[in-house]
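Visitor: Supplied in structure tokens, the structure appears directly below.
The values are calculated or read from the model by the stated rules, or taken from the named source; none is laboratory data. These numbers were taken from a predicted model, which means no experiment stands behind them. Glycine also receives a Cβ, built like all others from the backbone with ideal geometry; neighbour counts cover every protein chain displayed. Please note that ligands, DNA and RNA were not included when accessible areas were found on the heavy atoms of the full protein model with its side chains. Shrake-Rupley method; radii C 1.70, N 1.55, O 1.52, S 1.80 Å.
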Amino acid sequence: MGFLSDSLSRIKPSATIAATQKARDLKAAGVDVIGLGAGEPDFDTPDNIKEAAIAAIRRGETKYTAVDGIPELKAAIAAKFKRENGLDYKPAQCFVAPGGKPIIYNAMMATLNPGDEVIIPAPYWVSYPDIVLLAGGTPVFAEAGMATGFKLQPEALEKAITPKTKWLIFNSPSNPTGAAYTWDELKKLTDVLVKYPHVWVLTDDMYEHLTYDGFKFATPAQVEPKLYDRTLTMNGVSKAYSMTGWRIGYCAGPIELIKAMTTIQSQSTSNPTSISQWAAVEALNGPQDFIAERAQSFKERRDLVVSMLNQAKGIKCPTPEGAFYVYPSCEGCLGKTTPAGKLIETDKDFVEALLEEEGVAVVHGEAFGLAPFFRISYATSTENLVKACERIQRFCGNLR
Ligand SMILES: Cc1ncc(COP(=O)(O)O)c(C=O)c1O
């Protein structure tokens, strides 16, 4: 359609949102579907956070706020980075947006010129390449495959760097694989980055609090202080505090970048919702113990799903360190035919047939830049997970 902008032709709708919507539509039409596509915790927002929002409404905190966030939230963010990551950021270096996604969007819009390259380890969260493209940059993919635990290797990073590289987008624990980098693994990457002063790091630490088996989270500016002046450390309340619908993400970084992002936000969304900001103040400053309790329950679900998937014929599922995703390979199912007569040639064929023939909704790996895999979100009840994994076992067992 001639009316639409050229930039729209560079991008596509989010595959994960599309998969979630398809499962929702089928369910609404009365089909028995188990949705394992959504990237959000099934837990509710804790009551103390809800109460803080209600109190904010009652106090009349219902007006415009500063574009980059209320001072109370920026102070809470600076305190969080000090307390949990050992990072010194002044409140003026902190920035709040309507979700983690707009943080990435604002950062790319504020920095990319045509021809600028952004290194994205693959598999990646679906929005990274499209946001880069929308902002006029060029995504450069560096493969982080199953053989290396889905973790980017220093050699692959170095090979992807060119004089045009502006950013590395780093994500640990990862969506879609759940892979998380240890301090030592991360240090090997930061050692490479130290050699290339023109490359900045956007670290997406959204899943920081969801790690298992005693894993210790680390973030680039903490591991390599020499990168502090060219790192944007991003986080948010969506996943750790079960606040996906509240739309609050935050970050901290060099003041000039933060000011540029504020300019972009001032001409797009303006401030994030005032009420959600007050809820986020309570999330960051209030009791934190429920996070570990919820993480324990995610760990139990991860173990269940990994074990059941590895019993499905043709499926290989590594055990990830964090987040609430697994990223199994379906390579062993390719070239086979389903009971309904569909030939499985790709991971997309696999997930489509799984949905049609067994009513299990997952997202195909090609959408995340690495095939043949699929992503399962295990942020749902144990009962649902058992039922879904039994169906996957049956589906794979019936392939001929
Ligand atoms: C890796 C990663 N980063 C950022 C986000 C965006 O979070 P938000 O919902 O706060 O925009 C998500 C959400 O799925 C994610 O998985």
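Visitor: Limited to the range 190-240, what total is found for residues that are open to solvent by less than 10 Å² (accessible area, probe 1.4 Å), assigned to a loop (DSSP other than H, G, I, E, B) and closer than 19 Å to V140 by Cα?
Guide: Residues in the range 190-240 being open to solvent by less than 10 Å² (accessible area, probe 1.4 Å), assigned to a loop (DSSP other than H, G, I, E, B) and closer than 19 Å to V140 by Cα: 1 in total.
Visitor: Within the bounds of the range 28-40, is there any residue that is outside any helix (DSSP H, G or I), within 16 Å of the ligand (Cβ to nearest atom), farther than 28 Å from L232 by Cβ and open to solvent by 20 Å² or more (accessible area, probe 1.4 Å)?
Guide: Yes, that holds for at least one residue.
Visitor: Can you tell me which residue in the range 180-206 is nearest to the ligand (Cβ to nearest atom), limited to those that are closer than 23 Å to E117 by Cβ and aliphatic (A, V, I, L, M)?
Guide: L202
Visitor: Now a separate question. Taking K164, is it touching a Phe, Trp or Tyr at 6+ places or on another chain (Cβ under 7 Å) and either surrounded by fewer than 16 Cβ atoms within 10 Å (Cβ to Cβ) or over 21 Å from K101 (Cα atoms) (or both)?
Guide: no
Visitor: I'm trying to understand the selection: among the residues of the range 69-81, which are within 16 Å of the ligand (Cβ to nearest atom) and not small (G, A, S)?
Guide: The answer is L73, I77, K80.
Visitor: Out of the residues in the range 118-148 that are part of a strand (DSSP E or B) and under 19 Å from K101 (Cα atoms), state the one that is farthest from the ligand (Cβ to nearest atom).
Guide: If we take residues in the range 118-148 being part of a strand (DSSP E or B) and under 19 Å from K101 (Cα atoms), then T138 is farthest from the ligand (Cβ to nearest atom).
Visitor: Within the range 241-252, track down each residue that is out of contact with any Cys (no Cβ under 9 Å at 6 or more places or on another chain) and open to solvent by less than 30 Å² (accessible area, probe 1.4 Å).
Guide: Answer for the range 241-252, where residues must be out of contact with any Cys (no Cβ under 9 Å at 6 or more places or on another chain) and open to solvent by less than 30 Å² (accessible area, probe 1.4 Å): Y241, S242, M243, I248, G249.
Visitor: Scan the range 271-281 and tell me whether some residue there is away from the ligand (no atom under 16 Å from the Cβ), in contact (Cβ under 8 Å) with a residue 60 or more places away in the chain and not aliphatic (A, V, I, L, M).
Guide: Yes, that holds for at least one residue.
Visitor: Checking the conditions here, which among T177, T182 is farther than 12 Å from D205 by Cα and surrounded by fewer than 24 Cβ atoms within 10 Å (Cβ to Cβ)?
Guide: T182
Visitor: Still on this structure, I have one more. Would you confirm whether or not the range 360-372 contains a residue that is more than 29 Å from A240 (Cα to Cα) and at pLDDT 95 or above?
Guide: Yes, the range 360-372 contains at least one residue that is more than 29 Å from A240 (Cα to Cα) and at pLDDT 95 or above.
Visitor: Also: If you scan the range 116-139, which residues turn out to be within 13 Å of K166 (Cβ to Cβ), open to solvent by 20 Å² or more (accessible area, probe 1.4 Å) and touching a strand residue (DSSP E or B) at 6+ places or on another chain (Cβ under 7 Å)?
Guide: D116, E117, T138, P139
Visitor: Any residue that is aromatic (F, W, Y), touching a Leu at 6+ places or on another chain (Cβ under 6 Å) and touching a residue at least 40 places away in the same chain (Cβ under 8 Å) - is there at least one of those in the range 386-397?
Guide: yes
Visitor: Hey, among the residues in the range 82-99 that are out of contact with any Leu (no Cβ under 7 Å at 6 or more places or on another chain), open to solvent by less than 50 Å² (accessible area, probe 1.4 Å) and not in a helix (DSSP H, G or I), which one's nearest to the ligand (Cβ to nearest atom)?
Guide: That would be G99.
Visitor: Just checking, which of T45, T62 is within 16 Å of R247 (Cα to Cα), among the polar types (S, T, N, Q), surrounded by 11 or more Cβ atoms within 10 Å (Cβ to Cβ) and within 16 Å of the ligand (Cβ to nearest atom)?
Guide: After applying the criteria, what remains is T45.
Visitor: If you don't mind, there's one more thing I want to ask. What residue, among those in the range 307-353 that are aliphatic (A, V, I, L, M) and touching a strand residue (DSSP E or B) at 6+ places or on another chain (Cβ under 6 Å), is nearest to A180 (Cα to Cα)?
Guide: V326
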